[in-house]
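The values are calculated or read from the model by the stated rules, or taken from the named source; none is laboratory data. The structure displayed is predicted, hence computed values, not measured ones. All Cβ positions, even for glycine, are placed from backbone atoms using ideal geometry, and neighbour counts span all protein chains on display.
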Amino acid sequence: MSQGNPPHRDLGCEQDNKKIGEVLRQKVRHALEELGNGFLSYLRSNPGDLEAWCTGKLATSSGEEFLTSSQFLTSLYHESVSLIYRLLFLFYAESRNLLPMEDEVYRHSYSLESIRDNLLSAPAATDPKQFFGRESTPLWGRLKELFDFVGRGGKNAVPVYDNGLFDPTLHEFLEHFKVGDSSLARVICLLGYTRSLSGRGEGRGYKKIDYRHLHISHLGNLYESILEYSPRVADRDLAVIRRGPGNKIYEEYVPVSELIEGEKYCFRALRRMTEGNLKLRRGSKVVGFRGKGRYFLAYSGDRSRRKSSSSYYTPDYIIRYIVENTLGPSIRGQSSGGNLKPISLTSDAILKLKVLYLVMGSGHFLMGAIEYLAHAYREALIQEGKVAGDDTFVTYRRIITEHCIYGMDIDPMAVELARLSLWLFAADRNRPLSFLNSRLKCINALILRHIEEASPRRWESSPAPPFFYWEQEFPEVWLSPTGESLANPGFSAIVMNPPYLGFKAARKSDRPLWSAQYPEIFDGKGDVYYLFLAQAVRALQRGGRLGAITPRYWLESETATALRKYVDAHIPSQRFLDFSEFPVFKGVGARYLISFLGYGPAESTCFVLRGARRATESEMRACLRSGDLSRLFSLREFKQTWHGRWRFLTPSHLSWIEALQAQCVRLDTLGETKQGIVTGCDRAFIATDKVFCDWGAEPDLLRPWLKIGDILPFIHRRREPPLRLLYANHLDTLKVYPGAEAFVSRYRPRLETRRECKKGLIPYFHLQWGRARNLFEAPKLIARKIAPLNCFIADVQGYYSGADTTLFLPETRQPGALYFLLGFLNSRLATAYYHTFAKRMDSRFEYGPTSVGQMLVPDPSPYASLWADDAWNPSRQACLDYPAVLELPAPVRISTLSVQLSHCKYASPEYEMRLKALNEAVHELLNIPEKWLDPGMARNFDYRWKV
């Protein structure tokens, strides 16, 4: 610390690590905005520099117009991020003595540490903008000299960092323009200190951030967080308003002149606050102000690069588990119980391992792999008696990084951050990592192929796609020193958390490339992470292993059928860890799965999260770290391919599923399943009786309408007032129904934009997909299309329903058979069976017409005589005493209990009692003991909707 500076308190204790990381996330955004405005201020004051830059960039505009163009804002954003990371790199490197802090000249004349200490002196600490001139740049000049030292290596034993971040030829923007010292000092203070509410001025209350105790992975976390923002310049005075509930909060930027009264009050209160003592009133929605001409980062929400690239910070305990279980079997071997053995490889053999991080982001997984391999390498050296007395652990990290580690990403900044992170994580002061550029590359992993796969004839009619080749990018992995193919080429291990993005949402220009590269998988449907899984499988050597965390739906999604076939054809060893509803990534709706795919002994097993309640993060962390998965997961060691989908079963599953299959038939052999109506504009066709009456709509066009919220297992909740559907699909004109025409014609412009109307297939007053009337007016079963468990009702009153329902029309017209099927489909046994193959949607399942038709049910026809009109009547059965019901034969008991359940109050004691009796009757009918049902499958059986 410089002489005369006030004392400060370090916050760099381990217990504060996470807290400081969160503080930095907020500070980095403010620092980027400060830099952006600093650059804009400089350019507005130096129009000559701006004109030269515009000329050099072939810009079509100049002056203020160019400063607000997307071309310039993109450059400003990326270069500001680079400058921020230069500063963060220096804070980290100096705190770890990777730069010569012991040298007095470097420490006091050049180091960022000395600049930070000087800024803490009065009056700079109170507000750097009051102490430094807006246009003065001595501080910028001092930083530039430090950047040059680090980028080139220089006097005072400054080691060279030659991986691009400090390369002036790659950052012309930073070479051409400057930032005034007032903005630059503010940025350094933001990144260098936190501030408490106690004490102001002359450094009191400031707390220095000790980067030595902050894990290097925070660099990537910071970058991933700023991907949520995009650069803008305010074209008028804007108020920042926070909207949305819970984790769906977003920011809206509203012109001050358009604020409503309540927002105006909050805005005036905000403006009265000083920047140094900003404390918003609790519940205030107005959280900021962006003056006209100011540069700021706007929250992009679902349109952000983070969302589109799925750049989410993988928790450390997940990385550790994937790394250990991907690399461990190769290094230590694996017992039949899944436990790892002691080191079985020699130190030399460990150095021959090649580990790839496909889509590496900022390199978080790579640091985990380096740490694991460095420990294994040291352990092997100890066993061999080769440990040198002066070796430090960072020496082993560096050796592993040099021999074993590879990575790639399509994002240049992410690649630079990965190089930076590994430099800090594994750099030896005396031997800097000069090889990272050749190991961590900016490449689109999906268009990497082998040279032998190049086929010029295929592209004679058009330019050949810009493929990259494995042998050229990583020759030592595929070729011998003489250029011949290795006997066992490829990577020993691959780890990844690939992006997930639907093919339809991807760039159209990518699709021909994917079709050429992955003809056996890409069909225009599905997700881009399917291709990353296939690419990783291709890049493995014989005996290699892939560890990946991805959304879980590829196990059963129809769009992933080709991928599952590909994996089955190429990968004998398949182990999965299914997190089910557990939220691995907070605030992300997808549900996740860890896949271990390799060339070991043939196996197909899946550990599935069990239990009715959701596990906590601390429980999950403890479970994975202990290696004892039985704490939270149940093992399913049998895999079946059923209708192209995988399902994982236990021995008890096989017992009752085989019994069920032997005694039941598919539901679609007993009738037909259909989707409900698609209106194309609900408010144009659906309303209450009163609304239709007020418009004079003719009653013979109105049909009773059922909303999905009115469907509970067995129970149709009657809505008051009831809803009606205006159904005119059987008509060619509405002229003879003036009331109905008046009602629906209000929405004619909106209705005519529907695809079928544009094609001239339907008139504007028709439902988009109206279905035939007899589909709804016949006795039927109706199911929720998305539900956590089977949820069917019987309808004999001709209700119409929407596309969020699935309908089953039985061929039999016997009411007893209808209610028999209803009872069986709502039973625990039917739900358990459906969940073995259904498509999962978070904690719920999809009940579409195809999958509902595949459900198994007992054929009701052998029991037809039991439901004859003189023996069974729904009205009479509803009034039957409960003890008498229990004496009935199982088929009749099931149908009778179904009728009574449909008249009960949902989840009442009477409902629960009869539901229990119905489940017992189902098991009795099929002679399947209830104990055969795996408790791990009962996660949703006890679910109850809130009514």
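Points worth noting:
- Complete set of residues in the stretch 427-450 that are of a type outside the set (S, T, N, Q) and modelled with pLDDT under 85: ALA427, ASP428, ARG429, ARG431, PRO432, LEU433, PHE435
- Qualifying positions in the stretch 735-759 - surrounded by 14 or more Cβ atoms within 10 Å (Cβ to Cβ), more than 16 Å from ALA687 (Cβ to Cβ) and of a type in the set (A, V, I, L, M, F, W, C): CYS757
- So THR812, is it of a type in the set (S, T, N, Q), closer than 21 Å to TRP642 by Cα and assigned to a loop (DSSP other than H, G, I, E, B): no
A quick yes/no check of all residues on (1) closer than 20 Å to ILE782 by Cα; (2) among the aliphatic types (A, V, I, L, M):
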| site | (1), (2) |
| --- | --- |
| LEU701 | no, yes |
| PRO704 | yes, no |
| LYS707 | yes, no |
| ARG717 | yes, no |
| PRO738 | no, no |
| ARG748 | no, no |
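- Among the residues here, TYR530 does not qualify as assigned to a helix (DSSP H, G or I), of a type outside the set (Gly, Ala, Ser), in contact (Cβ under 8 Å) with a residue 12 or more places away in the chain and in contact with an Asp or Glu (Cβ under 7 Å, 6 or more places away or on another chain).
- Only a single criterion out of (1) over 30 Å from HIS218 (Cα atoms); (2) at pLDDT below 90; (3) within 35 Å of the chain's Cα centre (by Cα) is not satisfied by LYS386, namely (3).
- Residues in the stretch 553-573 that are assigned to a loop (DSSP other than H, G, I, E, B) and under 22 Å from the mean Cα position of the chain (by Cα): GLU556, SER557.
- In the stretch 356-373, the qualifying residues are those that are not in a helix (DSSP H, G or I) and not hydrophobic (A, V, I, L, M, F, W, C), and the one that is nearest to the chain's Cα centre (by Cα) is GLY361.
For every residue, the table says whether it meets (1) surrounded by 15 or more Cβ atoms within 10 Å (Cβ to Cβ); (2) touching a helix residue (DSSP H, G or I) at 6+ places or on another chain (Cβ under 8 Å); (3) assigned to a strand (DSSP E or B).
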| site | (1), (2), (3) |
| --- | --- |
| THR641 | no, yes, yes |
| TRP646 | yes, yes, yes |
| SER655 | no, yes, no |
| GLU658 | no, no, no |
| THR673 | yes, yes, yes |
